[in-house]
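Below you'll find the structure, written out as structure tokens, and then a few comments.
Laboratory data are not the source of any read-out in this text; all were calculated from the coordinates shown. As the structure is a prediction and not an experimental result, all values here were calculated from the model. Note: ideal-geometry Cβ built from the backbone for every residue, glycine included; neighbour counts use all protein chains shown.
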Amino acid sequence: MHIGYDMAAYMGVRAERLLQVVSHNLANAATPGFKRELLNLWRLPPEPGKAAGYVDVAGRDFSQGPLMVTDNDTDLAIEGPGFFKVETPQGIRYTRDGAFRLNEQWQLVTREGYLVLGKGGPITLNALDQQFGIDEEGGIHLDRSLSDQLLVVDFDNPQDLRPVGRNCFMPGPEAGEEREATGSRVLQGMLEASNIDPVTESVNLITIQRSFEAYLKVLDTFADSDRKVLELAQV
């Protein structure tokens, strides 16, 4: 088999994977706290007598997304590193999506109803005057007194956080131990937007589609060449 055929086939498959990644990014351009997915091409060390190999490694761009003012008291944004900690039926998860709400028990929850956690457990905002405040350190103020503190945590290696569910993560074995985030601020009445640039991703999508079509044409050329060789051999 042609070495060029192998490479064209691999690059065609990679272009298809890139299409999926970029399409997923574009679909989440309006999702609060969403972090852009990446597909990195790593070169493997060459083995004796063999050409260098390549492998695709999934990654994520955890850079800060733009901050949007909503004036909704239950909307929270993290400026800086870290994640909100939430309790789901499947266990503890982590998210940057601070579009929270109150359930019937006055507990702070995600859109899916997952409990948002503070140092004292699930956060309840049932103030006597029905007013509450959250300061930049995550301190929760009810009835003019500090009642709890929102958990904002981070990991030494966030690249090993695995996406699960809707805009949540769970730590992989290389993520490191959960720890309190440093250098972060919690902003009430704001949301962190996705860090997707729709224009850039749209251009990437067009480029990848064209590359995919080009690799398919290369494969067709190799296939035609092989067919002609077989036909000549049978004459």
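Laid out as a table, the results:
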{"read-out": "Paramagnetic reach from M170 in the stretch 39-82 [backbone N under 15 Å; point 7 Å along Cα→Cβ]", "value": "none"}
{"read-out": "N157 paired with E136, simple spin-label distance in nm, labels 7 Å along Cα-to-beta-carbon", "value": "3.3"}
{"read-out": "Sorted by Cβ neighbour density within 10 Å, fewest at the top, the residues I78, I196, I92, I208", "value": "I92, I208, I196, I78"}
{"read-out": "Estimated D of the stretch 67-192 in µm² per second, where Rh is the Kirkwood radius over Cα pairs and Stokes-Einstein applies at 20 °C, 1.002 mPa s", "value": "146"}
{"read-out": "Distance (nanometres) between label positions extended 7 Å along Cα→Cβ at R111 and E213", "value": "3.4"}
{"read-out": "FRET efficiency, I206 to M68 (Cβ-Cβ, R0 35 Å, nearest 0.05)", "value": "0.80"}
{"read-out": "Computed FRET value (nearest 0.05) for Q20 with N126, which takes r as the C-beta separation and R₀ as 30 Å", "value": "0.10"}
